[in-house]
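Report on the structure given below.
The values are calculated or read from the model by the stated rules, or taken from the named source; none is laboratory data. Keep in mind the model is a prediction, meaning the values are calculated, not measured. Using ideal geometry, Cβ is built from the backbone for each residue, glycine included, and neighbour counts are taken over all protein chains shown. We work out accessible area using only protein heavy atoms, side chains counted, and drop any ligands, DNA or RNA first. Shrake-Rupley method; radii C 1.70, N 1.55, O 1.52, S 1.80 Å.
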Amino acid sequence: MINSLNIPAVKLLQNNGIEYSKHICEKAGIDFSESDNHLALALGGMENGVTLRQISDAYTIFPNRGKFSESNSIRYIKNEKGEVIYSDKKHYTEAISEDTAFLMTSMLRRCAKEGTAKRLSAFDNVCAKTGTVGTKDGNSDVYCLAYSPAYTVGVWVGNCAKKMPNSVTAGGVACRIAEKVFGTLNDDSEISKPDGVKCRYIDINMLKQNHVVLLAGEDVSLKDKSCEWFSEKNMPKDFSTPQYGGYLDYDELLNFDFDNFEIIEDLFY
């Protein structure tokens with residue numbers, strides 16, 4: 001996600017299945033044609049594509065805790081007396097779980113902090129994803145989809161008549177526009193974590209060398225482990241090295257009551 005790599009996206013679509021993945025996207029307002037049944041969908045290879053409004057609406061499921069609602073250009077209408085005669089009543093439907101929405105937010109936050117959308121790194125609560133369409137002869141479309149807890153911003157830059165130079169990139173031009181928008185919006189709300197998501201220390205070496213996610217055992221040094229977010233529904237259970245005692249995870253350590261504890265003196269042989 002951070003580096004906007006194509007192969008992991010295709011593999012994820014293959015592992016989850018095309019029909020299941022399309023079903024999730026449809027719950028987020030994305031439409032497909034009958035011919036959209038191939039792995040190129042992972043990279044946006046659709047017969048009809050999507051509008052900027054559709055993809056922006058789809059991204060709102062992440063700040064909205066997994067719930068989808070179509071955008072509306074009219075928030076409310078007042079009459080000459082100042083009375084509200086119409087207001088947009090949002091109708092939300094669940095597209096993904098609250099836990100999944102937060103995990104996506106966590107990844108996209110890193111993308112905005114240190115990845116292809118790092119131009120937005122000055123905003124602590126902005127998450128983003130970039131996209132560039134083009135060849136070595138030039139780019140036709142560049143995108144930046146970004147959101148904070150209160151706002152979702154979709155930016156498209158393109159040239160219908162001819163390709164743009166390769167120097168016109170999503171991380172550059174599109175993110176620069178999104179940066180100006182968020183600077184104007186001035187949203188200082190915080191990203192909240194659902195109770196169903198916990199932080200666990202995993203063994204980095206096992207992940208890099210063997211491509212498996214294992215909890216870091218007691219013998220793993222601090223430099224060889226990393227604390228990552230997991231949904232309780234998909235929590236790793238196996239350790240990379242034998243465990244000799246209870247496992248204190250990062251969340252429990254943060255919540256530990258250091259003002260109320262008892263020192264027990266004992267002698268071990």
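Placing +1 on each Lys and Arg Cβ and -1 on each Asp and Glu Cβ, with no other charges, gives the chain a dipole about its Cα centre of roughly 1580 debye.
Highest GNM mean-square fluctuation, the chain, Cα pairs closer than 10 Å: which of Ala150, Ala101, Ala40? Maximum among the listed residues: Ala40.
Below 8 Å, C-alpha to C-alpha, sequence gap of six or more: please give me the relative contact order for the chain in percent. Relative contact order comes out at 13 percent. Counting only protein heavy atoms and a 1.4 Å probe, the range 48-102 has 68 square angstrom of accessible area per residue. Using a 1.4 Å probe over the heavy atoms of the protein chains, calculate the carbon and sulfur portion of the accessible area of the chain as a whole percent. That fraction is 52 percent. Across the range 97-241, Cα pairs under 8 Å and at least six residues apart give a relative contact order of 19 percent. When the chain is treated as a GNM with alpha-carbon contacts under 10 Å, the residue of Met107, Met206, Met164 showing the greatest mean-square fluctuation is Met206. Tell me which DSSP H helices of the chain clear both cut-offs, 20 Å or more of axial length from alpha-carbon atoms and a mean Kyte-Doolittle hydropathy of at least -0.5. Taking the DSSP H segments of the chain (at least 20 Å long, mean hydropathy at least -0.5), we get 98-114. For the pair Asp195 and Asn48, the difference between a 0.36 nm per residue extended length and the Cα-Cα distance amounts to 49.0 nm. GNM on the chain, alpha-carbon springs under 10 angstrom: the most fluctuating residue among Tyr147, Tyr201, Tyr86 is Tyr86. Placing +1 on the Cβ of every Lys and Arg and -1 on the Cβ of every Asp and Glu, with no other charges, gives the range 71-133 a dipole of roughly 280 debye about its Cα centre. The region of the chain that goes longest without hitting one of the GluC sites (Glu not before Pro) in a DSSP loop, each with at most 15 other Cβ atoms within 10 Å, is 84-189. The helix-based estimate of mean residue ellipticity at 222 nm for the chain, built from -39,500 (n - 2.57) per DSSP H run of four or more residues and divided by its residue count, is -7500 deg cm²/dmol to the nearest 500. Looking at this model, which pairs from Lys198/Lys237; Lys22/Lys67; Lys118/Lys163; Lys113/Lys193; Lys136/Lys162; Lys67/Lys90 are more than 21 angstrom apart at the alpha-carbon? Too far apart for the 21 Å limit: Lys118/Lys163. The distance separating the Cα centre of the range 172-206 from that of the range 47-96 comes to 21 Å.
Short-range pairs are left out: with C-alpha atoms under 8 Å and at least six residues apart, the relative contact order of the range 78-138 is 20 percent.
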